[in-house]
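Enquirer: Okay, here's the structure, questions in a sec.
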Amino acid sequence: MTMPILFISTLAAEELHDIAPPVDYSLIPPWLIFAGTFFALAIIGLIVWLIAQRRKRPEPPQLPRARALEALERMRDQIDLLNPYQFSIRVSDILRRYVTEQHGLPVTRQTSMEFLNALAKTPQFSSDEKLLLEDFLNRCDLIKFARHEATSADSRLLLEEATRFVKGGQLATV
């Protein structure tokens, strides 16, 4: 009895055919579909990027007063770290750069006396601003050139005078 079942199963196996592979009915080659998809996504990405760039507004350049105040504020942390000589040079450089950029005066190429003489003839500054700048420059010159024994209190005073001058030359502490 086992023979007929085995014989029938062999005959059935001979009648069954193997599964045929899928038939490609597409008229467009697959590489062309991938390339088209890539280019479509690239164009969409470019459009999104251009729209995002157009929405960004360029930042206006920082004004000389704002730059100087920011630099002076950073110097506030350096009062105790730098010796008064180095501190006076840095604060003086910040103030000279501010006057050059804001008022177009060649302060960086003049001595303090040359600048104060030219300043006396200039109507751009009020008398309070001239006095404040003269006091500041005299203090700086004492520290830088006369090697006056300055302390961190002198550095604080220089910083306050420079800040007041940049803010508008008020003589009273605000």
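Enquirer: List the pairs whose first member sits in segment 94-119 and is farther than 26 Å from R76 by Cβ, whose second member is of a type in the set (S, T, Y), and whose Cβ atoms are under 8 Å apart, counting only residues at least 6 apart or on separate chains?
Expert: P106/T100
Enquirer: What residue, among those in segment 159-169 that are of a type in the set (D, E, K, R) and either in a loop (DSSP other than H, G, I, E, B) or without any contact (Cβ under 8 Å) to a residue 60 or more places away in the chain (or both), is surrounded by the most Cβ atoms within 10 Å (Cβ to Cβ)?
Expert: Going residue by residue through segment 159-169, those that are of a type in the set (D, E, K, R) are 160-161, 164, 167.
Next cut, either in a loop (DSSP other than H, G, I, E, B) or without any contact (Cβ under 8 Å) to a residue 60 or more places away in the chain (or both) only: 160-161, 164.
Working: E160: 15, E161: 21, R164: 19.
Here the residue is E161.
Enquirer: Further, regarding this structure: Condition (residue is assigned by TED's automatic domain parsing to the domain that holds L158, of a type in the set (D, E) and touching a helix residue (DSSP H, G or I) at 6+ places or on another chain (Cβ under 9 Å)) applied to segment 74-82: is it met by at least one residue? Step through it out loud before you land on a result.
Expert: To start, the set of residues in segment 74-82 that are assigned by TED's automatic domain parsing to the domain that holds L158 comprises 74-82.
Checking the rest, the ones that are also of a type in the set (D, E) come to 77, 80.
Right, trim to touching a helix residue (DSSP H, G or I) at 6+ places or on another chain (Cβ under 9 Å) and you get 80.
Checked against the condition, which is being assigned by TED's automatic domain parsing to the domain that holds L158, of a type in the set (D, E) and touching a helix residue (DSSP H, G or I) at 6+ places or on another chain (Cβ under 9 Å), segment 74-82 yields at least one hit.
Enquirer: Okay, moving on. Name every residue in segment 78-107 that is over 23 Å from A120 (Cβ atoms) and of a type in the set (K, R), in order of residue number.
Expert: Hit for segment 78-107 is R90, nothing else.
Enquirer: Please count how many residues of segment 97-131 are assigned to a helix (DSSP H, G or I) and over 32 Å from the mean Cα position of the chain (by Cα).
Expert: Here the count works out to 13.
Enquirer: Take E149 and tell me if it is modelled with pLDDT of 75 or more and within 35 Å of the chain's Cα centre (by Cα). Quick ask: steps written out before the conclusion?
Expert: On the way: modelled with pLDDT of 75 or more: yes; within 35 Å of the chain's Cα centre (by Cα): no.
Here the answer is no, as E149 does not meet what is asked.
Enquirer: Here's something else I'd like to know. Has segment 10-31 got at least one residue that is surrounded by fewer than 10 Cβ atoms within 10 Å (Cβ to Cβ) and at pLDDT 85 or above?
Expert: Yes, the conditions are met somewhere in segment 10-31.
Enquirer: Right, next: Looking at this structure, is R90 part of a helix (DSSP H, G or I) and assigned by TED's automatic domain parsing to the domain that holds T163? Give the derivation first.
Expert: On the way: part of a helix (DSSP H, G or I): yes; assigned by TED's automatic domain parsing to the domain that holds T163: yes.
Yes, satisfied.
Enquirer: Right, another one. Return the residue satisfying two criteria in turn: it lies in segment 43-66 and is small (G, A, S) and surrounded by 10 or more Cβ atoms within 10 Å (Cβ to Cβ), and of such residues it is nearest to V99 (Cα to Cα). Before the answer, list the steps.
Expert: In the first step, residues of segment 43-66 are kept if they are small (G, A, S); the result is 45, 52, 66.
With the extra rule that they be surrounded by 10 or more Cβ atoms within 10 Å (Cβ to Cβ), the set shrinks to 45, 66.
Values: G45: 47, A66: 13 Å.
Top of the filtered list is A66.
Enquirer: Sticking with this one: With the requirement that a residue be among the aliphatic types (A, V, I, L, M) and surrounded by 12 or more Cβ atoms within 10 Å (Cβ to Cβ), what does segment 114-158 give you?
Expert: Step one: filter segment 114-158 for residues among the aliphatic types (A, V, I, L, M), giving 116, 118-120, 131-133, 137, 142-143, 146, 150, 153, 157-158.
Scanning segment 114-158 gives L116, A118, L119, L131, L132, L133, L137, L142, I143, A150, L157, L158.
The values are calculated or read from the model by the stated rules, or taken from the named source; none is laboratory data. Bear in mind the structure is a predicted one, so any value in this text is a computation, not a measurement. All Cβ positions, glycine included, derive from the backbone under ideal geometry; neighbour counts span all protein chains shown.
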